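The values are calculated or read from the model by the stated rules, or taken from the named source; none is laboratory data. Everything numeric here is computed off the predicted structure, so don't read it as measured data. Heads up, the Cβs are rebuilt from the backbone with ideal geometry, glycines too, and the neighbour counts pull from every protein chain shown. Calculation scope for accessible area: heavy atoms of the full protein, side chains included, ligands and nucleic acids excluded. Shrake-Rupley method; radii C 1.70, N 1.55, O 1.52, S 1.80 Å.
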Number of protein chains: 4
Amino acid sequence: MIPVGIAGFSGYSGAELVQLLSRHSRVEPVLLEHRETEAPRGPLNYRGPRRMPFAEAYGLPLVFLATPPEVSLELVPGLLNAGTKVVDLSGAFRLGTVENYKRWYKEAHTEPALLAEAVYALPEFYRAQVPGKRLISNPGCYPTAAILALRPRVGAGVVDRKAGIVCDANSGVSGAGRKPSLKTSFCEVTENFSAYAILEHRHVPEILRTSGLEEAELSFTAHLLPIDRGILETIYFRASKPVTDADLIAIYQEAYANEPFVRIYPSGQVPDLRAVTRTNFCDIGVRCDAGTGRVAVIAAIDNLVKGAAGMAVQNMNLALEFPETEGLL
Amino acid sequence: MIPVGIAGFSGYSGAELVQLLSRHSRVEPVLLEHRETEAPRGPLNYRGPRRMPFAEAYGLPLVFLATPPEVSLELVPGLLNAGTKVVDLSGAFRLGTVENYKRWYKEAHTEPALLAEAVYALPEFYRAQVPGKRLISNPGCYPTAAILALRPRVGAGVVDRKAGIVCDANSGVSGAGRKPSLKTSFCEVTENFSAYAILEHRHVPEILRTSGLEEAELSFTAHLLPIDRGILETIYFRASKPVTDADLIAIYQEAYANEPFVRIYPSGQVPDLRAVTRTNFCDIGVRCDAGTGRVAVIAAIDNLVKGAAGMAVQNMNLALEFPETEGLL
Amino acid sequence: MIPVGIAGFSGYSGAELVQLLSRHSRVEPVLLEHRETEAPRGPLNYRGPRRMPFAEAYGLPLVFLATPPEVSLELVPGLLNAGTKVVDLSGAFRLGTVENYKRWYKEAHTEPALLAEAVYALPEFYRAQVPGKRLISNPGCYPTAAILALRPRVGAGVVDRKAGIVCDANSGVSGAGRKPSLKTSFCEVTENFSAYAILEHRHVPEILRTSGLEEAELSFTAHLLPIDRGILETIYFRASKPVTDADLIAIYQEAYANEPFVRIYPSGQVPDLRAVTRTNFCDIGVRCDAGTGRVAVIAAIDNLVKGAAGMAVQNMNLALEFPETEGLL
Amino acid sequence: MIPVGIAGFSGYSGAELVQLLSRHSRVEPVLLEHRETEAPRGPLNYRGPRRMPFAEAYGLPLVFLATPPEVSLELVPGLLNAGTKVVDLSGAFRLGTVENYKRWYKEAHTEPALLAEAVYALPEFYRAQVPGKRLISNPGCYPTAAILALRPRVGAGVVDRKAGIVCDANSGVSGAGRKPSLKTSFCEVTENFSAYAILEHRHVPEILRTSGLEEAELSFTAHLLPIDRGILETIYFRASKPVTDADLIAIYQEAYANEPFVRIYPSGQVPDLRAVTRTNFCDIGVRCDAGTGRVAVIAAIDNLVKGAAGMAVQNMNLALEFPETEGLL
């Protein structure tokens, strides 16, 4: 078993990684103690994964960073210099240019060369670029669902781009991370629902740069669901020519014919969140009103799996040249 | 105290009516036993509202029907003939024409003359028509929020109607009524989120007939939130001319200057569901990206109060010529 | 309207107080800015209660302290010296003796004279002592339900005290206050349930000192429910003599014959949390297995109303000699 | 891969079985269509498990019945006659005697000979009896946690049986099955908590017959938690002699030294539900007040895994002589 490290293992994405990797047949997860110093708790007759100080990670073949962007920026150079590959789950290396990063993350990017070098690793579109790369940037959770739902449509030219696309996105609370805050306190969230980052979420540029859309063409708003995990996006657009459910489903079926983790629903069915929870699937369904050209697409993922840890394992499989679905089905 | 009857008091809207009317200074709620035959349960030293067989309702000045449309259709004629005013919370008398009813409710309307006679009683726009009417049709929950959010905008001509309007609507489970079903079972709903009636919800024609929009201009999709009560709608459109948050807020401020139950948020703030739960308020906030003309409006109500029982009390107040806010603040 | 102050108005109990007092016919709530400095947010066309700096509270006839015990200890002396009555919702003045306080709150009590002076104001048993007092200590939430359920039984001699009493208590998350913490984060609480303060909750001494039980006779354990508000306690004991449901119900009926806020259920019925949410009631039901003498009592309250703000208003009514139920039914 | 059948696959326990068996290395789950006739739904590019009419189950080596007791009673004889082993998840064959069944299930038992023949298959205590048996009765969910927590204690003689044992049990809603009912409707359960089957749950006789306790010695009450899955029981008793946390933990450690699915917590820690959700573990922690002899034991399981489908797989592993933990870790 090849040891792979996880920094940020006590966060929600980190903990999901530990669980997924524990079922993987080729690797052994190792908890890297970076800021976590608390002794492990739990049953007497149960042994969790191995732990080691972060400093010892430099000898490992691959490390996952389930850390905030500023921590990833600090940790990545040392790991790469030691010859350790990195799958970074933060937003630190997703946006391609320092201008983009500055605008959306409100900080100067401290590693511009690495930003240019990193691969934006959404396997369904960029899997060929992953092997051989040493810095693999795992996409954001919202963009994962949005890009998988949008790109084949935009590519096929069925979207009336002038009328604009609306992406109404809804996420469970784990997407906000594990650090306690009033906004994610139980009593504030239960029996509530709210919009945030209205028309200005920092995941938007990921959608734009991969789908070829202009900023003015996409209205994206995030909402907080009173649930633990899961993202469901309802995407609205107008068809640029007469289409039916069958036409639209055919576009997806063709685009994702060989994809192990994208599932397309038949006409009359759409996924709910439950369909994908605790899986690495992105499920997609459509409803088209042929007469008026109005279209709605529903895309669902588990934000902690396909939207974070699951895709990270998929990327590790690509980077270490294991079968891509190992540990994920 | 004037006695007013409630048929369907054991449903969620009916129970909310009982509670609201118990705090009203001018009327006394009377439970009308129509199909409910179960003996009342509860503490020994507690006396609930008076109950009577439905047949005795014919002497009352006003009756609320918190019943399904087919039951309302059956009960309304007898009540009106007896001189009893009716506030009907079902969809039976909302759509204006028998064609509309047939299309969206999939049944022939059995009382076309009464359908034509009924007032569509959204007080903010039609309050002048309520006094003197004997058949008052309470608007649907989704349309209440949508019309209050949309009509001033459409009227002010700031909406680019050609690009279309998206109304992404989200409701708590009580909107589906109290009859047990798999779809509203706890284990199916908790930690889940789903779209339904995609582009074809039967509340859509209420929005169209009151806002002046064409069907092709509005994409409306309903979603089921894992909460008990509340509706939050995120409405997206494109401005037909350059506007700012301040311009859009000013339109609402003017339209609702004297409305006791519509509250407008300052720039930078939008309501969450919690802001309106268990109140008769409709809260509205906007976010406009001035550069690109993209606009999002957030409107929130409690589906059982402003979206059902609260507005029904507001309508009773108008019908019986009490102060409109009595029992609701 | 008489102005009454609320310190800690942004916490859950404080906010509940504001809401209850806004419906009171004799008083006007005033928000006392102590540590809260944030500007009020909310709709443009809505005016919340009056705010003033805490320093101006000294002229008010009565102030509620919805603050942590250490803050109450700091604020009480000044208020009393200024002739302002205090209803304190914290644990600072509940335990009667400095030894008790030291043991359960792990701090020395800094105001022993005031501790001795304060009245433990559970109205059902101590209402006569409230008028005329200047320092009114509002009971804890768990003890409120436990004492109301236990004291008539212990007094009637039907409890086999040697076998011991079990009080299994369950509370919604708002009982832990509004300060963000990992334990009350949404993702940690939802779809979870846990025991805490097992056999050593600091509310236990309140139950002991008012019911006449010895510590060894009572096993009390608290649990955290994945809900916002409400306390349900299931209390188990063995009867010291043959009894039936009817016998036990009769004891409660007699004890609470004239109580406006204690409701007793008939044989075969017990309250659930929903029965009392957002009310000032304590609901009690029993189930007795006559053959074996095993008894279970179910008591339910809303922890923020009867267990905090509601009882505080009840105590204010007593202190200011208003009708006891004013603003609470 | 050996095919094994599942009747009742659309219920919650049945669906959990399908999921667990899909990850098993030796068997292939086959859905047996008994009353379910609905066509399977779901994504186009996804193939679920094989389905066959129930009539074809007679050739299979083993069948799981995740059906109500009356259906199990009807199906078991035919399967056994055909040489098919049965793991029955219902209560039909758990109570040993027809008298017991008649008393707790309110029906005459129609297969008394099979009732006598069936093994009560709680592996931790009865695993030696499973191989060779053709009718394996899977224990109830509440008793699984209660017996694992109680039996070592009662056996070790540390329980003061005269004072009685309280088992306060709390379950998620999936324990009530998937058939829609008002009691398990979302709006009735969310933000609620309630006791049911107070002192008379039909799972009680399973605890009594396996732990050696008398009915008068055990007070068991079930409660409904507003969550999907999980059981947490807080068990209270008095020690018959002076004991410490360490003494009590040692008893469990010895009893379960070689058990793969029972985990014991160190002093100062107890499990919450989250610790066991979606696992086959039963986690146990204790808190003992040495001075007064009061003891609380916390036991947690996932009602659908260790309390149903997981233990059923464990029993299949024993029956078909696979490694006991196969597919469960």
For residues that are farther than 14 Å from B:ALA195 by Cα and acidic (Asp, Glu), tally how many sit in the stretch B:217-241. 2
Whether any residue in the stretch B:197-206 is buried (at least 22 other Cβ atoms within 10 Å of the Cβ), outside any loop (DSSP other than H, G, I, E, B) and more than 15 Å from the chain's Cα centre (by Cα) is what I want to check. no
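Sort out which residues of the stretch C:205-220 are out of contact with any Ser or Thr (no Cβ under 6 Å at 6 or more places or on another chain) and within 11 Å of another protein chain (Cβ to nearest Cβ), and write them in order of number. Break it down into steps so the answer makes sense when it comes.
We begin by selecting, within the stretch C:205-220, every residue out of contact with any Ser or Thr (no Cβ under 6 Å at 6 or more places or on another chain); these are C:205-215, C:217-220.
The answer is C:GLU214, C:GLU215, C:GLU217, C:LEU218, C:SER219, C:PHE220.
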The number of residues in the stretch C:259-286 that are open to solvent by less than 10 Å² (accessible area, probe 1.4 Å), more than 17 Å from the chain's Cα centre (by Cα) and at the interface with chain B (Cβ under 9 Å from one of its Cβ atoms) is 3
Just for the stretch A:53-75: of the residues that are without any contact (Cβ under 8 Å) to a residue 60 or more places away in the chain and assigned to a strand (DSSP E or B), which one is farthest from the chain's Cα centre (by Cα)? A:PRO53
If D:THR184 satisfies all but one of (1) more than 30 Å from A:ASP228 (Cα to Cα); (2) without any contact (Cβ under 8 Å) to a residue 24 or more places away in the chain, what's the number of the condition it fails? (1)
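Table: residues versus (1) within 18 Å of C:ALA312 (Cβ to Cβ); (2) surrounded by fewer than 24 Cβ atoms within 10 Å (Cβ to Cβ); (3) in contact (Cβ under 8 Å) with a residue 60 or more places away in the chain.
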| position | (1), (2), (3) |
| --- | --- |
| C:PRO77 | no, yes, no |
| C:SER90 | yes, yes, no |
| C:PHE93 | yes, no, no |
| C:TYR101 | no, no, no |
| C:TRP104 | no, yes, yes |
| C:ALA113 | no, yes, no |
| C:GLU124 | yes, yes, yes |
| C:PRO139 | yes, no, yes |
| C:ALA145 | yes, no, yes |
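Looking at the stretch B:183-195, can you tell me whether even one residue there is part of a helix (DSSP H, G or I) and of a type in the set (Asp, Glu)? It would help to see each step written out before you state the result.
Applying the first criterion (part of a helix (DSSP H, G or I)) to the stretch B:183-195 yields B:183-184, B:186-189.
After this cut, where a residue has to be of a type in the set (Asp, Glu) as well, the list is B:188.
Scanning the stretch B:183-195, I find at least one residue that is part of a helix (DSSP H, G or I) and of a type in the set (Asp, Glu), so the answer is yes.
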Condition check for C:ARG278: among the basic types (Lys, Arg), part of a loop (DSSP other than H, G, I, E, B) and within 27 Å of C:SER13 (Cβ to Cβ): yes
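Kindly provide the set of residues from the stretch A:182-196 that are surrounded by fewer than 20 Cβ atoms within 10 Å (Cβ to Cβ) and touching a strand residue (DSSP E or B) at 6+ places or on another chain (Cβ under 7 Å), ordered by number. It would help to see each step written out before you state the result.
Residues of the stretch A:182-196 that are surrounded by fewer than 20 Cβ atoms within 10 Å (Cβ to Cβ), as a first pass: A:182-183, A:196.
Matches in the stretch A:182-196: A:TYR196 only.
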Working only within the stretch B:288-321, note down all residues that are in contact with a Ser or Thr (Cβ under 8 Å, 6 or more places away or on another chain), within 14 Å of chain A (Cβ to nearest Cβ) and among the charged types (D, E, K, R). B:ARG294, B:ASP302
Restrict the check to the stretch B:6-15 and report whether at least one residue is under 23 Å from the mean Cα position of the chain (by Cα), within 30 Å of C:GLN253 (Cα to Cα) and surrounded by 22 or more Cβ atoms within 10 Å (Cβ to Cβ). yes
Looking at C:HIS109 and the list (1) out of contact with any Asp or Glu (no Cβ under 6 Å at 6 or more places or on another chain); (2) open to solvent by 50 Å² or more (accessible area, probe 1.4 Å), which single condition is not satisfied? (2)
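Tell me the residue from D:GLU70, D:GLU33 that is more than 21 Å from D:ALA176 (Cα to Cα) and either modelled with pLDDT of 95 or more or more than 14 Å from every other protein chain (Cβ to nearest Cβ) (or both), please. Outline the logic, then answer.
On the way: D:GLU70 fails: more than 21 Å from D:ALA176 (Cα to Cα).
Result: D:GLU33 is the single residue among D:GLU70, D:GLU33 that is more than 21 Å from D:ALA176 (Cα to Cα) and either modelled with pLDDT of 95 or more or more than 14 Å from every other protein chain (Cβ to nearest Cβ) (or both).
So, of the residues in the stretch A:221-258 that are open to solvent by 50 Å² or more (accessible area, probe 1.4 Å) and assigned to a helix (DSSP H, G or I), which turns out to be nearest to the other protein chains (Cβ to nearest Cβ)? Step through it out loud before you land on a result.
The initial filter retains those residues of the stretch A:221-258 that are open to solvent by 50 Å² or more (accessible area, probe 1.4 Å), namely A:240-242, A:244, A:246-247, A:250, A:253-255, A:257-258.
From the residues that got through so far, the ones that are assigned to a helix (DSSP H, G or I) too are A:246-247, A:250, A:253-255.
Numbers: A:ALA246: 12, A:ASP247: 15, A:ALA250: 11, A:GLN253: 7, A:GLU254: 12, A:ALA255: 12 Å.
Checking each candidate, the answer is A:GLN253.
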For the stretch A:320-329, which positions are within 17 Å of the chain's Cα centre (by Cα) and either more than 15 Å from A:LEU17 (Cβ to Cβ) or in a helix (DSSP H, G or I) (or both)? A:GLU324, A:THR325
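Can you find a residue in the stretch A:182-190 that is more than 7 Å from every other protein chain (Cβ to nearest Cβ), at negative phi and either at pLDDT below 95 or under 21 Å from the mean Cα position of the chain (by Cα) (or both)? If you could, list the steps in order and put the result at the bottom.
Keep residues of the stretch A:182-190 that are more than 7 Å from every other protein chain (Cβ to nearest Cβ), which gives A:183, A:188.
Next, from what is left, pick out any that are at negative phi: A:183, A:188.
If we keep only those that are either at pLDDT below 95 or under 21 Å from the mean Cα position of the chain (by Cα) (or both) as well, we get none.
The answer is no, given that none of the residues of the stretch A:182-190 is more than 7 Å from every other protein chain (Cβ to nearest Cβ), at negative phi and either at pLDDT below 95 or under 21 Å from the mean Cα position of the chain (by Cα) (or both).
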Out of the residues in the stretch B:150-181 that are open to solvent by less than 20 Å² (accessible area, probe 1.4 Å) and among the charged types (D, E, K, R), state the one that is modelled with the highest pLDDT. B:ASP168
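Please count how many residues of the stretch C:287-300 are assigned to a loop (DSSP other than H, G, I, E, B) and under 16 Å from the mean Cα position of the chain (by Cα). Write out each step before concluding.
Keep residues of the stretch C:287-300 that are assigned to a loop (DSSP other than H, G, I, E, B), which gives C:290-293.
Filter once more, so that each one left must be under 16 Å from the mean Cα position of the chain (by Cα): none.
Residues flagged as assigned to a loop (DSSP other than H, G, I, E, B) and under 16 Å from the mean Cα position of the chain (by Cα) within the stretch C:287-300 amount to 0.
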Would you point out which residue out of D:VAL313, D:VAL286, D:VAL305, D:VAL297 is without any contact (Cβ under 8 Å) to a residue 60 or more places away in the chain, among the β-branched types (Val, Ile, Thr) and under 22 Å from D:ILE231 (Cα atoms)? D:VAL286
Would the stretch A:58-73 turn up any residue that is open to solvent by 50 Å² or more (accessible area, probe 1.4 Å) and of a type in the set (D, E, K, R)? yes
Can you spot a residue in the stretch D:160-170 that is within 10 Å of chain C (Cβ to nearest Cβ) and assigned to a loop (DSSP other than H, G, I, E, B)? yes
